[in-house]
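See below for the structure under consideration.
The values are calculated or read from the model by the stated rules, or taken from the named source; none is laboratory data. These numbers were taken from a predicted model, which means no experiment stands behind them. Counting neighbours? That spans all protein chains shown, and the Cβs are built from the backbone with ideal geometry, glycine included.
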Amino acid sequence: MKNIILTLLFIGLFVSCTEKKSPIIHDDEQANNLTMDSLLEDTTKVLNVDLPTLIDSVNQILVHEIRISSGKGRDLSFSSKKSGDYYGVGSGLINLIFEDVKNNKSYLLTNNQLQISSYEVCSRLKVKIGKAYILFRVIDKDYNNDGVLDGRDTQGLYISNLDGTSFSKITKDNEMLRNGEWMYPLNRYYFRTTEDSDKNGYFDFKDKIHYYYIQFEEQGYQVMEYNPLEMLNK
């Protein structure tokens, strides 16, 4: 009987541990079908728009955050946690409305459905190269096929101009953003990603780590991949 109980406990622990990991299902067609239109049609969700933030005083560009909630309890209250030019938005942010006050225009950041984990206005670049950008940490694909975008899906790095135009993805679709850090004296943003190199459906310690940096210049920016270990051979 003791052996049976120990066996059942082991199975229970194994199941509980494996349930914490969400398999990555590489179904790009289904992942890319999630749009704002399909989200707006969901009557069980409540959309809220926050008060605007002025991100470009010269060109008078405002940003309004669009959040989604179930309409129950705590998730009706929302606000960004701002630290300098960094906005740690938590959960529920699905899009941004950019308002061009000077030209009396308003438009969405994107027509695709996504979750914005955080975004950063790179205003310090304006002093260095005469142009600023916004970097976004974004969940954009339903990799585990559960019908929602959340922390169990993978996160990518996106970039746009300061007015929200030219919104595009920096990281590759089969890689997950890990972390990033500015090197402002060099006008660079360094970041790491993990690739599911063994194709087992998970991102874990067995997978390949990629190293990149974005080089910002007056003409624009370039994404460069590098291998730190190659420096040992120099």
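Miscellaneous remarks
- Residues of the stretch 50-68 classified as loosely packed, with under 12 Cβ neighbours inside 10 Å and assigned to a strand (DSSP E or B), total: 1
- Hits in the stretch 27-82 - residues which are among the charged types (D, E, K, R) and either closer than 30 Å to Lys126 by Cα or modelled with pLDDT of 90 or more (or both): Asp50, Asp56, Glu65, Arg67, Lys81, Lys82
- Test: Tyr189 is touching a strand residue (DSSP E or B) at 6+ places or on another chain (Cβ under 9 Å), of a type outside the set (A, V, I, L, M) and without any contact (Cβ under 8 Å) to a residue 40 or more places away in the chain: no
- In this structure, Val138 does not qualify as farther than 15 Å from Tyr221 by Cβ, in contact with an Asp or Glu (Cβ under 7 Å, 6 or more places away or on another chain) and either at pLDDT 90 or above or surrounded by 20 or more Cβ atoms within 10 Å (Cβ to Cβ) (or both).
- If you go through the stretch 139-192 and keep only what is small (Gly, Ala, Ser) and under 16 Å from Tyr212 (Cα atoms), you end up with Gly156, Gly180.
- Residues that are in a loop (DSSP other than H, G, I, E, B) and within 21 Å of Leu125 (Cβ to Cβ), drawn from the stretch 181-215: Asn187
- Any hit, the stretch 102-124, residues being exposed (fewer than 15 other Cβ atoms within 10 Å of the Cβ), small (Gly, Ala, Ser) and touching a residue at least 60 places away in the same chain (Cβ under 8 Å): no
- Subset of the stretch 157-172 (residues that are at negative phi and either part of a strand (DSSP E or B) or over 12 Å from the mean Cα position of the chain (by Cα) (or both)): Leu157, Tyr158, Ile159, Ser160, Asn161, Leu162, Asp163, Thr165, Phe167, Ser168, Lys169, Lys172
- Annotation for the stretch 121-142: no member residue is over 16 Å from Met183 (Cα atoms), part of a strand (DSSP E or B), out of contact with any strand residue (DSSP E or B) (no Cβ under 6 Å at 6 or more places or on another chain) and not β-branched (Val, Ile, Thr).
- Qualifying residues in the stretch 179-196 (those that are surrounded by fewer than 14 Cβ atoms within 10 Å (Cβ to Cβ) and not aliphatic (A, V, I, L, M)) - the one nearest to the chain's Cα centre (by Cα): Asn179
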